[in-house]
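S.K.: Take this structure first; my questions come after.
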Amino acid sequence: MFFFDKNTCKEPLEDVLVKRLWFIIRLSVRFLAILMTLVIIWGTLDVVWVLYQRMMTPPVFLLSINDILSTFGAFMAVLIAIEIFANIVIYLEYRMIHLKLVVATALMAAARKVIVLDFKVHDPGVIIALAAIIISLGACYWLIGRHEQRDESSLDPCNVDFNETDDI
């Protein structure tokens, strides 16, 4: 599901200023894609470095639960960066925002927060708020998927009910 449907939109404006502004925006988005690629590479190298450092500190090749959780958090940060890169690429290719991917990225970021959250430090209000965010994002993701299934099934010729009588 895209943010808007290209088929229902009117023809684009032929205004020269708008075309130039869109060119600047698309150039900026391409620059963001380059920067996000560098962030992904840097994040991956950081995960490798941190994991190496933690594995080499005595006792060697043993990780505490805190080391494992912080490593998971670093992994999730890189995966979130990859999802954001995918959002940028889809925007560049289709000039649209893929709503399901954006919600999935937000859900992944909230899940990362849960993974690295220290429940001893945070008060119950923060935990309840995070739970509400995750439930809301999960519901949005489910509704978008359900909407996409309905759209696909309406286009599927195998879903036609031949028992309906049409007035001819």
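S.K.: Could you tell me the accessible area of VAL29 in Å² (1.4 Å probe, neighbours in place), rounded to the nearest ten?
M.R.: 20 Å²
S.K.: Right, next: Sequence-distant or interchain residues sharing an amide H contact under 5 Å with ILE97, placed H: which?
M.R.: The list, which skips near neighbours in sequence, is PHE3, PHE4.
S.K.: Residues in region 75-108, backbone N under 19 Å from the label point at GLN149 (7 Å along the Cα-to-beta-carbon vector): list them, ranges by number please.
M.R.: 99-101, 103-104
S.K.: Follow-up. At a Förster radius of 22 Å, what calculated FRET efficiency corresponds to the Cβ-Cβ distance of VAL48 and ILE68, to the nearest 0.05?
M.R.: 0.90
S.K.: Additional query: What ranking, highest mean first, results for peptides 111-123, 42-54, 75-87 when packing means the other Cβ atoms within 10 Å averaged over each residue?
M.R.: Highest to lowest by the protection proxy: 75-87, 42-54, 111-123.
S.K.: Applying the Karplus parametrisation 6.51 cos²θ - 1.76 cosθ + 1.60 with θ = phi - 60° to the phi angles of region 129-138, what ³J(HN,Hα) value in whole Hz is obtained for each residue in order, glycine and proline being reported as x?
M.R.: 5, 5, 4, 5, 4, 5, 4, 5, 5, x
S.K.: To continue, here is another question. Short version: ³J(HN,Hα) in whole Hz for each residue of region 30-46, in order, from phi by Karplus 6.51 cos²θ - 1.76 cosθ + 1.60 (θ = phi - 60°), x for Gly and Pro, what are they?
M.R.: Along region 30-46, the couplings run 5, 5, 4, 5, 5, 4, 5, 4, 5, 5, 5, 5, 4, x, 5, 5, 5 Hz.
The values are calculated or read from the model by the stated rules, or taken from the named source; none is laboratory data. Everything numeric here is computed off the predicted structure, so don't read it as measured data. Here the Cβ is made from the backbone with ideal geometry for all residues, glycine too, and neighbour counts use every protein chain on show. What goes into the accessible areas is simple: the full protein's heavy atoms, side chains included, and nothing from ligands, DNA or RNA. Shrake-Rupley method; radii C 1.70, N 1.55, O 1.52, S 1.80 Å.
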